[in-house]
1. Scan segment 19-31 for residues that are closer than 13 Å to L284 by Cβ and either small (G, A, S) or touching a helix residue (DSSP H, G or I) at 6+ places or on another chain (Cβ under 8 Å) (or both) and report the count.
2. Quick check: anything in segment 234-243 of a type outside the set (A, V, I, L, M) and closer than 19 Å to A107 by Cα?
3. Give F195, F207 a once-over and let me know the one that is open to solvent by 80 Å² or more (accessible area, probe 1.4 Å) and assigned to a helix (DSSP H, G or I).
4. Let me confirm something: among F254, F227, F203, F208, which residue is modelled with pLDDT of 90 or more and among the aromatic types (F, W, Y)?
5. Please name all residue pairs, on different chains or six or more residues apart, with Cβ atoms under 7 Å, provided the first residue is in segment 265-284 and is crowded, with 18+ Cβ neighbours inside 10 Å and the second residue is modelled with pLDDT under 85 and not in a helix (DSSP H, G or I).
6. Of the numbered conditions (1) open to solvent by 20 Å² or more (accessible area, probe 1.4 Å); (2) more than 16 Å from the chain's Cα centre (by Cα); (3) closer than 26 Å to V33 by Cβ, L85 satisfies every one except a single condition; which is it?
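The values are calculated or read from the model by the stated rules, or taken from the named source; none is laboratory data. Because the structure is predicted, anything quoted here is derived from the model rather than measured. For neighbour counting, all protein chains shown are included, and Cβ atoms are generated from backbone atoms with ideal geometry for every residue, glycine included. Heads up: the accessible areas ignore ligands, DNA and RNA and are worked out on the full protein's heavy atoms, side chains in. Shrake-Rupley method; radii C 1.70, N 1.55, O 1.52, S 1.80 Å.
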Amino acid sequence: MPLLNMSTTVTEFVIGGFDTTQRPVLVGVVMLVVYVLVMVGNVANILFIVCDRQLHKPMFLLICNLAVVDMLYSSSSTPTMIGVLVSEVKTISYVPCLVQMFVFHLAGVMEMFALAVMALDRLIAICYPFRYHSLLTNARTCVLAYVLWIVAAAFVAIMPAIVVPLPYCHSRLKYIFCDFAAVVRATCGNPGYIFRLITIITFFLLFFTFGLICLSYLMIIIAVRSFSKNDKKKTFSTCLSHLIVVTCYYGPVFIRVVLTRAGVVLTLEERHGLMVGAILGPSLVNPFVYCLRTKEIKNKIFKKLQKQEC
């Protein structure tokens, strides 16, 4: 009861995570440049695929889905961080803050789902090449993507459902935007049980999707043992783009989530750095990896450039 008496009505939050940042304008400008590259790269990837009917295949539809996820992931938080750093706009209203929290975590869950499905796509293409087009059609790929979005939204809906009824003791957010941890720490009482619940869900999603990716590649490795040397090179080249993307996403996530739960103490600045890297890093790398590593998209880009030169 005493905690409830200390609660206050919150109409807006103050974002305080960048208060100790040196040269905030420079950091904000760098983030703005990276964000623009993220958006341009992913929009270009989508346009290349949508405008070329030859690319209307399951693998490229999954690349489109990943591009949408990356744009949503970076757009959910980066504009707010840039506004704080460059314009010193440190306040965000209550409802937009909760929307930002939901969208950010939805995109994070979808990133894991998208990468796991792309691993299954590579598994079917390599291990069952003659059945690929019957097992994974464009229609099934679209339906699968829609189902994953719904499932991800159902998981993430737990967060606002937890946060909305809680009383708030202060309106200052410790972190750099409205993620779940920042909002919960602004509430009254001990958030330990809430974090334990979310940790269980996070670990389940993290290890389930990463385990599925590892299992897919284990089956691919077993299958290619009987391939010729040339076919093994082609298989490795086909999977390399996805492996780079998986590494860029899961690397920072495992460092930030797993190591901290294992007792590794990160400073606030280190946590924020890993958070920004986990948001912008994969979203920047993904479109350029697929542009440069995917033969069909790369050839289309070269043809466009040759036409412009002529």
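1. 1
2. For segment 234-243, residues of a type outside the set (A, V, I, L, M) and closer than 19 Å to A107 by Cα: present.
3. When all the criteria are applied, what remains is F207.
4. Sole residue among the options that is modelled with pLDDT of 90 or more and among the aromatic types (F, W, Y): F208.
5. H272/G17
6. In the conditions (1) open to solvent by 20 Å² or more (accessible area, probe 1.4 Å); (2) more than 16 Å from the chain's Cα centre (by Cα); (3) closer than 26 Å to V33 by Cβ, L85 misses (1) alone.
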